[in-house]
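These notes concern the structure reproduced below.
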Amino acid sequence: MPVLDKVLILSASAGAGHLRAGQAIERAFLETGAARSVRHLDTLEYTNPLFRRLYSKAYIETVNRMPELLGLLYDWHDKPGQVDHIQLAFDKLNTQPFARMMEEQQPDVTICTHFLPAEIITWLNERGRLATRVMTVVTDFDIHSQWICHGTSHYFVAIDETRAHLEALGIPPERLSVTGIPIDPAFSRPRDRDAMRAKHGLAREGPVLLISAGGFGVGKIDALMNSLLKLRRPAQVVVSCGRNEERKAELEALARDRPLDSQVKIHVIGYTTEMDEFMAAADLIVGKPGGLTTSEALASGLVFVVVNPIPGQEERNSDHLLEEGTALRCNNLPALAYKIDRLLDDPARLATMRQNVHRLARPRAAFDIVAKVVELGGIAE
């Protein structure tokens with residue numbers, strides 16, 4: 001494999017998915033030795049503090065408090081072919097430290113896992129301040145018009161439908177690759193389910209449900225867990241709280257105080273770097289279908305039970321999963337246990353859904369992206 005000289009990967013900490021995608025590509029470069037120099041940076045670290053707060057924390061607050069507003073804004077701004085000159089001017093004004101950093105780095109190839117840096121880099125390229133080839137990795141199954149930038153030399157997308165969508169918008173097919181969404185290379189390595197259950201203190205028999213509590217408010221995660229406690233069949237629920245110690249304590253109390261007649265055992269975990277192992281141990285994942293979480297689940301062979309998707313990108317991810325027969329959706333939490341019991345009571349249906357999961361999975365997406373980037377090389381068009 002040829003080796004590139006200097007590769008820069010740019011994400012943005014507006015939600016964790018963009019960062020995880022950038023980290024996955026960086027690790028794939030390091031594992032393959034496909035670049036002499038590779039760095040992954042958070043674009044928002046090179047903006048002024050107020051802009052960073054608005055871009056990152058305001059997004060998270062809107063997700064938690066006013067998700068319907070986020071959905072309206074998502075649809076309102078989805079206007080392919082229209083450049084928001086006011087937004088671009090605002091971004092350029094607040095990303096001057098980013099522009100200076102790019103001029104210092106002078107990468108041959110820049111890979112963006114968020115749409116913010118692509119427009120700024122294009123502007124710098126056009127003024128002769130940079131000569132970098134810009135490539136964009138879309139981190140959801142669908143594509144919003146904000147991802148489309150005339151200075152992007154290549155797009156990496158999750159599914160064939162998104163490729164067709166971009167072709168219909170005038171993007172030449174040679175500038176499009178269907179690779180899947182990049183996830184940590186750890187998900188590309190097979191794991192033995194029984195060994196992973198034994199390692200993490202889970203019973204070998206019976207279904208294991210995995211939940212990431214990070215995207216739920218406290219009240220919502222309590223309601224979700226109380227619904228799962230009503231499952232008819234014995235089950236184990238692994239719930240991950242990340243670094244939220246307060247939520248972890250609340251869920252541990254819920255696990256201790258669960259009804260005596262409940263057939264469900266709850267295992268609460270905090271921040272972990274072993275999510276690939278917990279997914280390998282599980283049968284179903286319950287929660288919100290972010291692009292990275294969904295891709296990790298597919299790579300791990302998990303059927304998705306969609307609950308409370310964020311209007312906009314997660315709603316569209318959910319649509320794709322349902323259309324492909326890899327998920328079911330629960331719109332009413334009191335019915336969650338019923339829907340899961342019904343699925344588990346139908347082994348033939350569950351087996352078909354797992355076959356669909358394996359068909360849709362792209363566990364080596366990060367490596368496929370690296371291979372294509374190397375193939376295309378670092379010479380700007």
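By the count of neighbouring beta-carbon atoms within 10 Å, fewest first, K288, K265 end up ordered K265, K288.
Divide the volume of the convex hull around the Cα atoms of segment 270-338 by the residue count and you get 104 Å³ per residue.
Determine the calculated [θ] at 222 nm for the chain from helices alone, applying -39500 (n - 2.57) to every DSSP H run no shorter than 4 residues and normalising by the residue count; nearest 500 deg cm²/dmol. Counting only the DSSP helices, I get -13500 deg cm²/dmol. For A348 and E205, the FRET efficiency from 1/(1 + (r/R0)^6), where r spans their Cβ atoms and R0 equals 30 Å, is about 0.90. Label sites at R233 and A253, each approximated as a point 7 angstrom past Cα along Cα to Cβ, lie 3.3 nm apart. As a proxy for reagent exposure, ranking V264, V138 by other Cβ atoms within 10 Å from fewest up yields V264, V138.
Where Rh denotes the Kirkwood radius from the mean inverse Cα pair distance, what is Rg over Rh for segment 189-360? Reported Rg/Rh, Kirkwood definition of Rh: 0.92. Could you sort out which of K199/K220; K265/K288; K230/K288 sit more than 25 Å apart by Cα distance in this structure? K199/K220, as the Cα separations exceed 25 Å there. Summing Lys, Arg as +1 and Asp, Glu as -1, what charge do residues with Cβ under 12 Å from the Cβ of D5 carry, D5 excluded? Net charge around D5: +2. For R359 and A168, the FRET efficiency from 1/(1 + (r/R0)^6), where r spans their Cβ atoms and R0 equals 22 Å, is about 0.35. In the list [x] 0.96; [y] 1.11; [z] 0.98, the label attached to Rg/Rh (Cα atoms, Kirkwood Rh) as derived from the coordinates here is [z]. Placing +1 on the Cβ of every Lys and Arg and -1 on the Cβ of every Asp and Glu, with nothing else charged, gives the chain a dipole about its Cα centre of roughly 720 debye.
With both labels modelled 7 Å from their Cα along Cα-to-Cβ, the R175 to E323 distance reads 2.3 nm.
Computed from label points 7 Å out along Cα-Cβ, the spacing between S153 and E104 is 2.4 nm.
Between L30 and E246, the contour length at 0.36 nm per residue exceeds the alpha carbon distance by 74.2 nm.
FYI, it's all coordinate maths here, none of it is from the lab. None of these values were measured; they are calculated from a predicted model. Positions of Cβ are generated from backbone atoms using ideal geometry, with glycine treated the same way; all protein chains shown enter the neighbour counts.
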